[in-house]
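Working notes, structure below.
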Amino acid sequence: MAVETHIEVTDLRLAYGHREVIHGISFDVRRGEIFGIIGPAQSAKTSLLRCLNRTIDFTPDTHVSGSIKIDGQDVRKTGSVYALRRKIGMVAPLPVGLPLTIYDNVAFAPRCAGLTRRSALAPIVERCLRQAALWDEVKDRLNSLGTRLSGGQQQRLTIARALSHQPEVLCLDEFSIAIDPVTTMRIEDVLKELRREMTIILVTNLTQQARRLADRTMFLWNGDIVEIGTTDVIFGDRPKDRRTYDYVQGIFG
Amino acid sequence: MTDAPENNFTATPLIRKRLRQETMAKWIFFGMAAAMVVPLLLIIGYLAVRAAPSLSLEFILDVPRRGMTAGGIWPALVGTIYLVFLSLAVSAPIGILAAIYLNEYARDNWFNRVINLAVLNLAGVPSIVHALFGLGAFVYAARFGYSIISAALTLAIMTLPVIIASTREALASVPPSFREACWNVGATRWQAIRAVVLPNAISGILTGVILQVSRAAGETAPIMFTGAVFFKAVERGDLFPYYLDEQCMALSMHLYTLSTQVPGVMESIPYATAIVLLGSVLLVNAMAISLRVYLRTRKKW
Amino acid sequence: MNNLPPETPAPAGSAVRGVKRPAWARVGERILEGLIYVCGFSAIVFVLGIFAFVLKEALPIFARESFSLTQFLFSDQWYPTSELNKRYGVFAMIAGTGAVTLLAMAIAVPFGIGAAIFLSEFCGPKLREALKIIIELLAAIPSVVWGFIGLSVMSRLIMQYTGAPVGVNVLNGGIILALMSVPIIVSIGEDALKAVPDSYREAALALGVTKWQLIRRVLLPAAKNGLLAAVLLGVGRGVGETMAVLMATGHAVHIPHSVLDSVRTLTANIAAELGEAPAGSDHYRVLFLTGVLLFTLTFGVNLIADLVVRGIKKR
């Protein structure tokens, strides 16, 4: 696969009030790769994702500087922030089944975008539920509430919803935190399938998960990049930075 | 200690004294709670007993007769219904939208703190000051005169904080993660509110509207100088006796008039009027409460 | 088995990308959001409007030479309809409001806070739920019904047990007002006690103290500000209450010397005389000035209560 930059982050800084949590980081994400981000808690991983789709705007008193470019377009100068968010699928740590029917959960984003014809929505719903490996379990009860599903099912529903607006980038924020290992493995299989279609950013606190899935991994610590490298290097015996080795081996973190 | 080991945990006199103290405190506080509930029940019971000779369907449907010393309360009841629904039609939309603004749109800055303070103080303004405002603003400045419109608008502004507060509470009970999930897939603020927040808050909002009905029905001072009148001749059982630009009778005002201004009223009539007013207000409130309790049992998440 | 489907179906024909919301939907949303903003700001407009209109009707009185603000505030001479020498002093009414509110608080605060303690610390969830509903219903009783209770029931009881010649007086108004303010004191007070972290309770109980000691040494000091706010809101309600005190306190304009004296409050004075004062007359303007005084008074009390509550939330 030709190496092509999809997302380009340059000197990104983020402060909540006077407290700076991201201290000027720069990195690239390549088109079609799974880009892992690992790091202990409080290392601004989630904040980074929220800068990417600009939901950080909803938090009062935040200051962002530097630039994030997706396909060369700066996210902070984009014409429509809603169109930007539709380019990015976002999956939160805890599954959020909206209190709507399963069908409406998945059809929500296309509807918000302005697609209302049922004939166009039905295939999208089916495709996304299939991609998220949930279709077979729910195809007979699409009209029951999304919130009534089990945790693991809700997380797959969340993924289906994130796919429903055909994003170019899929961000997963510690998706396995609230679900059992079997479901986790199943979603990991889903991600391996999806990488053919889109770029995936995988934020995780399970280093082994990044090792299993990611092409390249970034180790973020307290708002600074410690190291970016291919999986072989980061998880190998000789990463460039001693701290990476210690963290991956579980010596600190 | 010389006691056997199993006696180590028996109560010493000091502990027994403390426990007695605790039991006593419990009963004293219970007494204090009971002291506000019991007399009230007694009083309401007393009112009901005194009202009994007059209470009948006829009392509700009939008009006051012989200089308001006999007869029923129909015109006052209809007037109250007019005032309540007209004021509701004004304040419910404004209040609900204001609550949506405060809970969903407002950022935490000085301007919105001022708005919050304004809502709080609007709730604290004495009802008689609302009456003065209604008189100055609607009766004279807006030239609505003494009319149902003036009275209903005054009531509407007075009850606005009730609906703002309860709607905000209902909106705030919808978890923020739902909104974020909507924003993440590119929904605008309003789309998120429309699709997820409002459907789940609607029952709480409805409860607020019902409470507002009960509040508006009981108020006297704000309508006394803006549109309520002592007496108005009305046909028995007439459903539409008033035009909006004329004055009307109201139940609360009627009770005040009967008990302080009219000599020689039949003993049980003011009591019966009080019971009808009290009964309808408490009924409406009980409806709101049971709606809330019922809805709490069937949350969607 | 729920493995991945053997092949993902081809992407649906019409992509989501490139779809646009219809113009009417976008414009409609804009209009609606504009409306939401306008309604949001309306609370400020209303409060300022109330103050402005009441003040506007009152202001011309200051142009009259015969009127002086000191006399208005500190004289107990209230003769608005005297032919020769009209005098507008509301001090007796201020004293009446003060006396009734003070007595009401003296009754309502201990009972209200006692009931709040019982609700939050002693009673089981079922009883609590029931009591809270009763308290909510108590708060819903219209003030004119309270006034009627004062006039018809309470006054008879007072005449019977104290031997007072008139049953409508400070005591009557105070009791009625106390019953009216108890619900607000209980509900805010209970919130304040709830806000004390459970860890305090557990830490104290682990030391082997009894509930009574826990309440006196831990909870009351910790919930001090919230309880203060509850009392202040009760005061605000007491000062502003109109119909109940109009009917239950009698109509004598003089400074009360005992709880069995009849008095008139600021609110009752407006309610009783506004109907007789011709629009635009001095009498009418003085009544509006009394409204300005009441507005300022309750505004101040509510503001302080809000600051106290805010202080708790910050902590």
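Only one entry of A:Gly72, A:Gly66, A:Gly89 meets the criterion of being under 23 Å from A:Leu14 (Cβ atoms), crowded, with 18+ Cβ neighbours inside 10 Å and either among the small types (Gly, Ala, Ser) or in contact (Cβ under 8 Å) with a residue 40 or more places away in the chain (or both), and that entry is A:Gly89. In summary, B:Ala228 fulfils each of the numbered conditions (1) out of contact with any Gly (no Cβ under 8 Å at 6 or more places or on another chain); (2) farther than 17 Å from B:Ser173 by Cβ; (3) more than 10 Å from chain C (Cβ to nearest Cβ); (4) among the small types (Gly, Ala, Ser) with the single exception of condition (1). Scanning the stretch A:223-238 finds one or more residues that are part of a loop (DSSP other than H, G, I, E, B), over 21 Å from A:Glu33 (Cβ atoms) and touching a strand residue (DSSP E or B) at 6+ places or on another chain (Cβ under 8 Å).
Which one of these is closer than 29 Å to C:Asn302 by Cα and in contact with an Asp or Glu (Cβ under 7 Å, 6 or more places away or on another chain): B:Leu153, B:Leu160, B:Leu171, B:Leu211?
One residue alone meets the criteria, B:Leu171.
Of the candidates B:Ala156, B:Ala142, B:Ala165, B:Ala201, the single residue that is under 27 Å from B:Gly124 (Cβ atoms), within 14 Å of chain A (Cβ to nearest Cβ) and either touching a His at 6+ places or on another chain (Cβ under 8 Å) or not charged (D, E, K, R) (or both) is B:Ala201.
Suppose the filter is surrounded by 14 or more Cβ atoms within 10 Å (Cβ to Cβ) and either modelled with pLDDT of 80 or more or farther than 30 Å from B:Ile164 by Cα (or both); does B:Pro13 pass it?
Working: surrounded by 14 or more Cβ atoms within 10 Å (Cβ to Cβ): no; either modelled with pLDDT of 80 or more or farther than 30 Å from B:Ile164 by Cα (or both): yes.
Here the answer is no, as B:Pro13 does not meet what is asked.
Can you confirm whether the stretch B:126-136 contains a residue that is free of Cβ contacts under 8 Å to residues at least 60 places away in the same chain, crowded, with 22+ Cβ neighbours inside 10 Å and over 24 Å from the mean Cα position of the chain (by Cα)? Yes, the stretch B:126-136 contains a residue that is free of Cβ contacts under 8 Å to residues at least 60 places away in the same chain, crowded, with 22+ Cβ neighbours inside 10 Å and over 24 Å from the mean Cα position of the chain (by Cα).
Residues C:Leu84, C:Leu102, C:Leu73: which one is surrounded by fewer than 16 Cβ atoms within 10 Å (Cβ to Cβ), outside any helix (DSSP H, G or I), more than 11 Å from every other protein chain (Cβ to nearest Cβ) and of a type outside the set (Gly, Ala, Ser)?
Details: C:Leu102 fails: outside any helix (DSSP H, G or I); C:Leu73 fails: outside any helix (DSSP H, G or I).
C:Leu84 is the lone residue from the list that is surrounded by fewer than 16 Cβ atoms within 10 Å (Cβ to Cβ), outside any helix (DSSP H, G or I), more than 11 Å from every other protein chain (Cβ to nearest Cβ) and of a type outside the set (Gly, Ala, Ser).
If you go through the stretch B:92-102 one residue at a time, do you hit one that is more than 7 Å from chain C (Cβ to nearest Cβ) and either at positive phi or modelled with pLDDT under 90 (or both)? No, that holds for no residue. Here B:Ser173, B:Ser147 are screened, and the one residue that is within 14 Å of chain A (Cβ to nearest Cβ), among the small types (Gly, Ala, Ser) and under 25 Å from B:Val209 (Cβ atoms) is B:Ser173.
Within the stretch A:1-106, which strands (runs of 3 or more DSSP E) (wholly inside it) include 3 or more residues that are of a type outside the set (D, E, K, R) and over 29 Å from A:Thr147 (Cβ atoms)?
Details: elements: A:5-16, A:19-30, A:34-38, A:62-70, A:88-91.
Of the strands (runs of 3 or more DSSP E) lying wholly inside the stretch A:1-106, those with at least 3 residues that are of a type outside the set (D, E, K, R) and over 29 Å from A:Thr147 (Cβ atoms) span A:5-16, A:19-30, A:34-38, A:62-70.
Scanning the stretch A:4-23 turns up no residue that is out of contact with any helix residue (DSSP H, G or I) (no Cβ under 8 Å at 6 or more places or on another chain), farther than 26 Å from A:Ile225 by Cβ, without any contact (Cβ under 8 Å) to a residue 60 or more places away in the chain and surrounded by fewer than 22 Cβ atoms within 10 Å (Cβ to Cβ). Among the residues of the stretch A:128-145, those that are in contact (Cβ under 8 Å) with a residue 24 or more places away in the chain and either out of contact with any helix residue (DSSP H, G or I) (no Cβ under 6 Å at 6 or more places or on another chain) or more than 9 Å from every other protein chain (Cβ to nearest Cβ) (or both) comprise A:Cys128, A:Leu129, A:Ala132, A:Val138, A:Arg141, A:Leu142, A:Asn143, A:Ser144, A:Leu145.
Given the structure, is B:Asp62 under 30 Å from B:Tyr271 (Cβ atoms) and either surrounded by fewer than 21 Cβ atoms within 10 Å (Cβ to Cβ) or not charged (D, E, K, R) (or both)? Outline the logic, then answer.
Numbers: under 30 Å from B:Tyr271 (Cβ atoms): yes; either surrounded by fewer than 21 Cβ atoms within 10 Å (Cβ to Cβ) or not charged (D, E, K, R) (or both): yes.
For B:Asp62, the condition - under 30 Å from B:Tyr271 (Cβ atoms) and either surrounded by fewer than 21 Cβ atoms within 10 Å (Cβ to Cβ) or not charged (D, E, K, R) (or both) - is met.
Looking at the stretch C:164-217, the helices (runs of 4 or more DSSP H) lying wholly inside it that each contain 3 or more residues that are closer than 23 Å to C:Leu131 by Cβ sit at C:170-194, C:211-214.
To keep it simple, each residue is scored yes or no on (1) among the small types (Gly, Ala, Ser); (2) under 23 Å from A:Ile25 (Cα atoms); (3) at the interface with another protein chain (Cβ under 9 Å from one of its Cβ atoms).
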residue	(1), (2), (3)
A:Val64	no, yes, no
A:Gly79	yes, no, no
A:Leu84	no, yes, yes
A:Ile102	no, no, no
A:Arg111	no, no, yes
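Taking the stretch A:86-100 as the range and being among the small types (Gly, Ala, Ser) and within 14 Å of chain C (Cβ to nearest Cβ) as the test, only A:Gly89 passes.
The values are calculated or read from the model by the stated rules, or taken from the named source; none is laboratory data. Just so it is clear, the structure is predicted and the values come from calculations on it, not from any experiment. Every residue, glycine among them, receives a Cβ derived from its backbone with ideal geometry; neighbour counts consider all protein chains shown.
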